[in-house]
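Report on one structure; see the data block that follows.
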Amino acid sequence: MGWPLTVDFPHPPGPADIRQVLGRSAAAWDGLRARISEHFGQVTEEWAIPARKYGWSLRLKLKKRTVLHLGPRSIHFIATVILGEKAVAAVRNSELAPEFIAMVEHATRYTEGRVIRFEIRSKKETEFVEALVKIKMDN
């Protein structure tokens, strides 16, 4: 079956499944979800399998707008932020560290925007994700 949350996993994963797969990075997962909800309020969570090769993914949504994508992996997770051009312009004019601005500038462009992915293993690694989500939602 591969790692535990592939498309063969029979149902959306629950909290115990996430803890088992993520191990120590589960605290970063829970913390990021909680801080996004605290900041934006009525954030809903929607599990889906957007691509067979990646397995289950959690979308955090504000009404119909996707705020953030989270993909559980073995002992870490992928946080994906998709930025439109207004948000990219706001990043350029932000006080983020130059290496983070460059990361956004060089992100692959798709129809829906620039896709920035992060491998997250600890709370410290979620800070830039949170900053990008705030910029995205403000623009």
I'm checking my understanding of the structure. Among residues of region 109-124 that are part of a strand (DSSP E or B) and within 13 Å of the chain's Cα centre (by Cα), which one is surrounded by the fewest Cβ atoms within 10 Å (Cβ to Cβ)? E119
Given the conditions (1) open to solvent by 70 Å² or more (accessible area, probe 1.4 Å); (2) assigned to a helix (DSSP H, G or I); (3) within 24 Å of F128 (Cβ to Cβ); (4) modelled with pLDDT under 95, every one holds for Q20 apart from (3)
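Is one or more of the residues making up region 49-59 modelled with pLDDT of 95 or more and either of a type outside the set (A, V, I, L, M) or at positive phi (or both)?
So in region 49-59, the residues modelled with pLDDT of 95 or more come out as 58-59.
From what is left, the residues that are either of a type outside the set (A, V, I, L, M) or at positive phi (or both) are 59.
The answer is yes; a qualifying residue exists.
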Filter result (open to solvent by less than 40 Å² (accessible area, probe 1.4 Å), under 23 Å from Q42 (Cβ atoms) and part of a loop (DSSP other than H, G, I, E, B)) within region 62-95: G84
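Working only within region 23-48, note down all residues that are of a type in the set (V, I, T) and surrounded by 15 or more Cβ atoms within 10 Å (Cβ to Cβ). Spell out the reasoning first.
So the first thing to find is which residues in region 23-48 are of a type in the set (V, I, T), and the list is 36, 43-44.
Passing the criteria: I36, V43.
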Close pairs (7 angstrom Cβ cut-off, 6 or more residues apart or separate chains): under 20 Å from G14 (Cβ atoms) in region 63-82, in a strand (DSSP E or B) and open to solvent by 50 Å² or more (accessible area, probe 1.4 Å) anywhere: H69/R59; H76/E119; I78/R117; I78/E119
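Tell me whether region 48-56 contains one or more residues that are among the aromatic types (F, W, Y) and not in a loop (DSSP other than H, G, I, E, B).
Residues of region 48-56 that are among the aromatic types (F, W, Y), as a first pass: 54, 56.
Still in the running and not in a loop (DSSP other than H, G, I, E, B): none.
Within region 48-56, not a single residue is among the aromatic types (F, W, Y) and not in a loop (DSSP other than H, G, I, E, B).
Could you say which residue among V129, V104 is under 10 Å from the mean Cα position of the chain (by Cα) and not in a strand (DSSP E or B)?
Just one listed residue meets the conditions, V129.
The values are calculated or read from the model by the stated rules, or taken from the named source; none is laboratory data. Keep in mind it's a predicted model, so treat the numbers as computed, not measured. A quick note on method: Cβ atoms are made from the backbone with ideal geometry, for glycine too, and the neighbour counts reach across all protein chains shown. Remember, those area values only see protein heavy atoms, side chains included, never the ligands or the DNA or RNA. Shrake-Rupley method; radii C 1.70, N 1.55, O 1.52, S 1.80 Å.
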